[in-house]
1. Based on the alpha-carbon gyration tensor of the stretch 41-281 and its eigenvalue square roots a ≥ b ≥ c, which shape applies: rounded if a/c is under 1.5, prolate if not and a/b is larger than b/c, or oblate?
2. In degrees from 0 to 90, rounded to the nearest 10, what is the angle of the helix 87-96 Cα long axis to the longest principal axis of the chain?
3. If you stretched the chain out fully between T146 and E52, how much longer would it get, using 0.36 nm times the residue separation minus the C-alpha to C-alpha distance?
4. Among F337, F380, F104, which one shows the biggest mean-square fluctuation in a GNM of the chain, springs joining Cα atoms closer than 10 Å?
5. For n ≥ 4 DSSP H runs only, could you compute -39500 (n - 2.57) per run for the chain, divide by its residues and tell me the 222 nm figure to the nearest 500?
6. Could you tell me what percent of the accessible area of the chain is made up of carbon and sulfur, with a 1.4 Å probe and every protein chain present?
7. Give a residue-ordered list of calculated ³J(HN,Hα) values for the stretch 144-151 (Karplus: 6.51 cos²θ - 1.76 cosθ + 1.60, θ = phi - 60°; whole Hz; x for Gly, Pro).
8. From the backbone phi of the stretch 43-58, what are the Karplus-calculated ³J(HN,Hα) couplings (6.51 cos²θ - 1.76 cosθ + 1.60, θ = phi - 60°) in whole Hz, Gly and Pro given as x?
Amino acid sequence: MSFYGFNEPFWGSLELHIYPDALAVVRDLRPDEPVILNRPHAARRAARFFIEKFPGKVLYAVKANPAPDLIQILWDAGVTHYDVASIAEVRLVRALLPEAVLCFMHPVKTAAAIREAYFEHGVRTFSLDTAEELAKIVDACRDPETGEAAADLRLCVRLRVSSEYSELSLASKFGCDLIEAPALLQEVRQHCDWLGVCFHVGSQAMTPFAFVQALDRTRAAIAEAGVVIDMIDVGGGFPSTYPGLEPPPLEDYFAIIARHFEALPIAYNAELWCEPGRALCAEYSSMIVQVTKRRGEELYINDGAYGALYDAAHVEWRFPVRALEDDLIEPLKDFSFYGPTCDDADYMKGPFALPGDIQAGDYIEIGMLGAYGAAMKTGFNGFGEAIVVMVADEPMASLYTGQRTREAVDNVVSLR
Ligand SMILES: *Cc1c(COP(=O)(O)O)cnc(C)c1O
């Protein structure tokens, strides 16, 4: 068990003690602070699944959860490539994994970050979506003595694609438009021996067809540009499973991506990559919170919008919940949550179904917080301390246990 103050990095090494489940933690600790429960076996299983079944290379998108313990687990499970988006992520992963291949996939970087990544951390793969960024990368990687351009850059042009099939959009901020893509691809080709195209369909893509529209756009851009493409990176967006957001099996995504990849006009030995964040780590963590007050159907709990529940507050994500008390007997009822800070924004609409007689002092486990959850905790307002322990039980939901939550790919694409 380890304990973190809110002004310290939120992660650290874990002791070897493993609790059977959340209930055992509550009985042992009666914790006053939220407790993050990590499940190394769940992250390992997700990584093995992707490595064995995705028809290409699997990069872990570090921003989904940069906890060093998790990164080590993924490496040990066979994930060798990491999608990093900031110089801090580059340094973090490099310090942990001297052998890992780091790919700097944020399309807007500072020259200093590019230079340090290239010269000090061995980064060769960079993404970009404008000619300005291309010039910045080429200049930052010149030999400081001779001024000669680097000959070993591996560059990826980020294409803007639709986020319409995903719960969280990544469509408006990055990516070059289809109309500009051919010229940019031709220009980038002159500066590297290895040219890729990448995109991101938005996070939690609820149908495999999200990747079809993106690969169609990719095909149009490549055909128009008439350049040799060495790699296609279909990005992240692979879903996890949450109440009301149960996706088709990941195998269906992989199969559709493989079929459309094979039909692209690219080099015969071109590589296929993906960059899952959420799908590799959502099942890794859950959290124990305590009810501090009940007001009708609103429960005040000791973590919230500024803690691990950012998505519950800001995009009304419904995470799975369960009460960790033996003596609650009433049937389930819908509740919403207030977090611990002093502002109204610290509110999570839910609904979260819990026993009707739940009250102040009771503990709740909130599941599926390994992605964009445990990693997002802040110390705002003096809250944010948490205990971290390991547990051995199954996550509250899983895409990797062999039970298909939905039988087959929907023929009707009608989500959102
Ligand atoms: C956030 C991000 C990812 C991971 O997305 P998920 O939806 O978590 O799989 C992958 N690639 C890039 C470039 C990203 O910005």
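1. Taking the square roots of the gyration eigenvalues as a ≥ b ≥ c, the stretch 41-281 is oblate.
2. 80 degrees
3. 29.4 nm is the gain from fully extending T146 to E52.
4. Its mean-square fluctuation being the largest, the pick is F380.
5. That comes out to -8000 deg cm²/dmol.
6. 51 percent
7. For the stretch 144-151, the Karplus curve yields x, 7, 8, x, 6, 6, 5, 9 Hz.
8. Listing the rounded values in order: 5, 4, 5, 5, 5, 4, 4, 5, 5, 7, 10, 6, x, x, 8, 10 Hz.
The values are calculated or read from the model by the stated rules, or taken from the named source; none is laboratory data. Computed from a predicted structure; not experimentally measured. For neighbour counting, all protein chains shown are included, and Cβ atoms are generated from backbone atoms with ideal geometry for every residue, glycine included. Ligands, DNA and RNA are excluded from the accessible area calculation, which covers all protein heavy atoms including side chains. Shrake-Rupley method; radii C 1.70, N 1.55, O 1.52, S 1.80 Å.
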